[in-house]
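J.: Starting off with a structure, shown below.
The values are calculated or read from the model by the stated rules, or taken from the named source; none is laboratory data. Model, not experiment: these values are computed from the prediction. With ideal geometry, Cβ positions are generated from the backbone for all residues, glycine too; neighbour counts draw on all protein chains shown. Areas reflect the complete protein model, heavy atoms only, side chains present, ligands, DNA and RNA absent. Shrake-Rupley method; radii C 1.70, N 1.55, O 1.52, S 1.80 Å.
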Amino acid sequence: MNKQNLTVLTEFILMGITDCPELQAPFFGLFLIIYTVSVVGNLGVIILTKMDSRLQAPMYFFLRHLAFIDLGYSTAVGPKMLVNFVANQNTIPYNWCATQLAFFLLFIISEFFILSAMAYDRYVAICNPLLYTIVISQRVCWVMVVIPYVYSAFLSVIITKKIFMSSFCGHNVIRHFYCDSLPLLALLCSSSHDIELIILIFSAFNLVSSLLVVLVSYILILMTILRMNSAEGRHKTFSTCGSHLTVVLVLYTTLFFMYLQPQTNHSFDTDKIVSVFYTLIIPMLNPMIYSLRNKEVKGALHRIWKNWHALPM
């Protein structure tokens, strides 16, 4: 074994989104706006659904956790990416890289199962409305949120520990703008077969199981809606699912585009483009989708705005 293989890494170099100097300033401004809107939007959803008495239904409980998750994984990636646009050298300490990967995995895995919990909530509300308050009780809501968090934390720790306890070959240039599992695996000199198998199995399980819950829920919802006699009733019922369905379609379409590429066409450059979308664009879009398509959320915003203006100056 040569000296390079014995090198102890203390930091990694992130290649970033682009290496063109003339694009650094425009990209910094663009992604600063995107990240700021994402933070304001998701914090706004969290505060709004916590404070407004009319937004205490289970649907908004799950929405609050979705906003927290979106805020979590965009913050795990966004600030460091913004710093790298203006820094001379895009380095990240070894331990920070491990921490970034762990938190990113925790939040992105949690998102799948929170979205499936929201789909199940809509199924019960539409298909079994008389049992809704019993089936989706506060206790059940917490169970449907806590289990995904615990599972995601466990899986995140396992993958991060497996990667960072392996041997790196002294190469520390990560072909990405944050510490992601696949670019890190490319730097290992020890066998990564076991880690790749773990990631493959659990990624498939997470995507398929969560999507299956969503699909089954919406198939049953659609069957219930089609049995309704009133066209207005069908439209009103389906509109309650519109925001959630839009969020699901955007996220899963992005991820399937990334993971179902032919191996011959797969590249880290494509991964970076898709990763920008689901780490920064989607967390910005989600609160907008729920705010613009949801009358109750818009009503709560209007009430807060009205009360704020009514305060004596």
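J.: Report, ordered by the first and then the second residue, all pairs with beta carbons closer than 9 Å, sequence separation of six or more or different chains, a first member in segment 1-20 that is within 13 Å of Ile174 (Cβ to Cβ) and modelled with pLDDT of 55 or more, and a second member that is of a type in the set (Val, Ile, Thr) and open to solvent by 90 Å² or more (accessible area, probe 1.4 Å).
T.: If the second residue must be of a type in the set (Val, Ile, Thr) and open to solvent by 90 Å² or more (accessible area, probe 1.4 Å), the pairs left are Ile17/Ile273.
J.: Restricting to segment 43-58, what's the tally of residues that are surrounded by 16 or more Cβ atoms within 10 Å (Cβ to Cβ), part of a helix (DSSP H, G or I) and either over 18 Å from the mean Cα position of the chain (by Cα) or free of Cβ contacts under 8 Å to residues at least 60 places away in the same chain (or both)?
T.: Just the residues of segment 43-58 that are surrounded by 16 or more Cβ atoms within 10 Å (Cβ to Cβ), to begin with: 44-46, 48-49, 52, 55, 57-58.
Subsequent filtering for residues that are part of a helix (DSSP H, G or I) retains 44-46, 48-49, 55, 58.
Then drop every residue that is not either over 18 Å from the mean Cα position of the chain (by Cα) or free of Cβ contacts under 8 Å to residues at least 60 places away in the same chain (or both), which leaves 46, 48-49, 55, 58.
Counting residues in segment 43-58 that are surrounded by 16 or more Cβ atoms within 10 Å (Cβ to Cβ), part of a helix (DSSP H, G or I) and either over 18 Å from the mean Cα position of the chain (by Cα) or free of Cβ contacts under 8 Å to residues at least 60 places away in the same chain (or both) gives 5.
J.: Another question, then. Is it true that Ile34 is surrounded by fewer than 21 Cβ atoms within 10 Å (Cβ to Cβ) and under 15 Å from Phe277 (Cα atoms)? Walk me through how you get there before you give the answer.
T.: Numbers: surrounded by fewer than 21 Cβ atoms within 10 Å (Cβ to Cβ): yes; under 15 Å from Phe277 (Cα atoms): yes.
Taking the combined requirement at face value, the residue satisfies it.
J.: Further question on the same structure: For segment 231-258, enumerate the residues that are β-branched (Val, Ile, Thr) and part of a helix (DSSP H, G or I).
T.: Quick first cut of segment 231-258, residues β-branched (Val, Ile, Thr) only: 237, 240, 246-248, 250, 253-254.
Passing the criteria: Thr237, Thr246, Val247, Val248, Val250, Thr253, Thr254.
J.: Related question: With the requirement that a residue be within 22 Å of Ile174 (Cα to Cα), at pLDDT below 90 and not polar (S, T, N, Q), what does segment 21-53 give you? Full working, then the answer.
T.: First pass over segment 21-53, keeping only residues within 22 Å of Ile174 (Cα to Cα): 21-25, 27-28, 31.
Right, trim to at pLDDT below 90 and you get 21-25, 27.
Matches in segment 21-53: Pro21, Glu22, Leu23, Ala25, Phe27.
J.: While we're looking at this one, here's another question. Name the pairs: first residue in segment 74-94 and hydroxyl-bearing (Ser, Thr, Tyr), second residue modelled with pLDDT under 90 and open to solvent by 20 Å² or more (accessible area, probe 1.4 Å), Cβ to Cβ under 9 Å, at least 6 apart or on different chains?
T.: Close Cβ pairs (under 9 Å, with a partner that is modelled with pLDDT under 90 and open to solvent by 20 Å² or more (accessible area, probe 1.4 Å)) amount to Thr91/Glu11; Thr91/Ile13; Thr91/Asn172; Tyr94/Val8; Tyr94/Leu9; Tyr94/Thr10; Tyr94/Glu11; Tyr94/Asn172.
J.: So which residues in segment 12-31 are in a helix (DSSP H, G or I) and either at positive phi or surrounded by 15 or more Cβ atoms within 10 Å (Cβ to Cβ) (or both), if there are any at all?
T.: Taking segment 12-31 and keeping what is in a helix (DSSP H, G or I), we get 21-31.
Within segment 12-31, Gln24, Phe27, Phe28, Phe31 qualify.
J.: Suppose we filter segment 74-117 for residues that are in a helix (DSSP H, G or I), in contact with a Leu (Cβ under 8 Å, 6 or more places away or on another chain) and hydroxyl-bearing (Ser, Thr, Tyr); how many remain?
T.: Of the residues in segment 74-117, 3 are in a helix (DSSP H, G or I), in contact with a Leu (Cβ under 8 Å, 6 or more places away or on another chain) and hydroxyl-bearing (Ser, Thr, Tyr).
J.: Taking interchain pairs and intrachain pairs at least six residues apart, which have beta carbon atoms under 7 angstrom, with the first residue in segment 22-42 and in contact (Cβ under 8 Å) with a residue 40 or more places away in the chain and the second open to solvent by 60 Å² or more (accessible area, probe 1.4 Å)?
T.: Here the result reads Phe28/Val86; Gly41/Met288, each pair linking segment 22-42 to a residue that is open to solvent by 60 Å² or more (accessible area, probe 1.4 Å).
J.: Please determine, by comparing only the residues of segment 162-177 that are in a loop (DSSP other than H, G, I, E, B) and open to solvent by less than 10 Å² (accessible area, probe 1.4 Å), which one is farthest from Tyr73 (Cα to Cα).
T.: Filtering segment 162-177 for residues in a loop (DSSP other than H, G, I, E, B) gives 165-167, 169-172, 175-177.
Adding the requirement that they be open to solvent by less than 10 Å² (accessible area, probe 1.4 Å) leaves 176-177.
Details: His176: 16, Phe177: 14 Å.
Per the criteria, the residue is His176.
J.: Sticking with this structure for a sec: Restricting segment 111-130 to residues that are touching a Phe, Trp or Tyr at 6+ places or on another chain (Cβ under 7 Å) and within 17 Å of Val250 (Cβ to Cβ), which is surrounded by the fewest Cβ atoms within 10 Å (Cβ to Cβ)?
T.: Step one: list which residues in segment 111-130 are touching a Phe, Trp or Tyr at 6+ places or on another chain (Cβ under 7 Å), which gives 114, 117-119, 121, 124-125.
Within this subset, residues satisfying the condition of being within 17 Å of Val250 (Cβ to Cβ) are 114, 118-119.
Details: Ile114: 25, Met118: 27, Ala119: 23.
So, considering only residues that are touching a Phe, Trp or Tyr at 6+ places or on another chain (Cβ under 7 Å) and within 17 Å of Val250 (Cβ to Cβ), the one surrounded by the fewest Cβ atoms within 10 Å (Cβ to Cβ) is Ala119.
J.: Is at least one residue of segment 188-209 at pLDDT 85 or above, open to solvent by 60 Å² or more (accessible area, probe 1.4 Å) and of a type in the set (Gly, Ala, Ser)? Lay out the reasoning, then the answer.
T.: First, the residues of segment 188-209 that are at pLDDT 85 or above: 188, 193-209.
With the extra rule that they be open to solvent by 60 Å² or more (accessible area, probe 1.4 Å), the set shrinks to 193-194, 196-197, 200-202, 205, 208.
When the remaining residues are screened for being of a type in the set (Gly, Ala, Ser), the result is none.
Checked segment 188-209: no residue is at pLDDT 85 or above, open to solvent by 60 Å² or more (accessible area, probe 1.4 Å) and of a type in the set (Gly, Ala, Ser).
J.: Quick one: in segment 214-242, of everything that is of a type in the set (A, V, I, L, M), under 22 Å from Asn286 (Cβ atoms) and open to solvent by less than 60 Å² (accessible area, probe 1.4 Å), which residue is nearest to the chain's Cα centre (by Cα)?
T.: Of all residues in segment 214-242, those of a type in the set (A, V, I, L, M) come to 214-216, 219-223, 225-226, 228, 231.
Adding the requirement that they be under 22 Å from Asn286 (Cβ atoms) leaves 214-215, 221.
Applying the additional criterion that residues be open to solvent by less than 60 Å² (accessible area, probe 1.4 Å) yields 214, 221.
Values: Val214: 16, Ile221: 25 Å.
Only one residue tops the list, namely Val214.
J.: Take Phe61 and decide whether it is in contact (Cβ under 8 Å) with a residue 40 or more places away in the chain and in a helix (DSSP H, G or I). Spell out the reasoning first.
T.: Details: in contact (Cβ under 8 Å) with a residue 40 or more places away in the chain: yes; in a helix (DSSP H, G or I): yes.
So Phe61 fits the description; yes.
J.: Do the conditions hold for Ile147, that is, is it surrounded by 15 or more Cβ atoms within 10 Å (Cβ to Cβ) and either more than 15 Å from the chain's Cα centre (by Cα) or part of a helix (DSSP H, G or I) (or both)? If you could, list the steps in order and put the result at the bottom.
T.: Working: surrounded by 15 or more Cβ atoms within 10 Å (Cβ to Cβ): no; either more than 15 Å from the chain's Cα centre (by Cα) or part of a helix (DSSP H, G or I) (or both): yes.
Taking the combined requirement at face value, the residue does not satisfy it.
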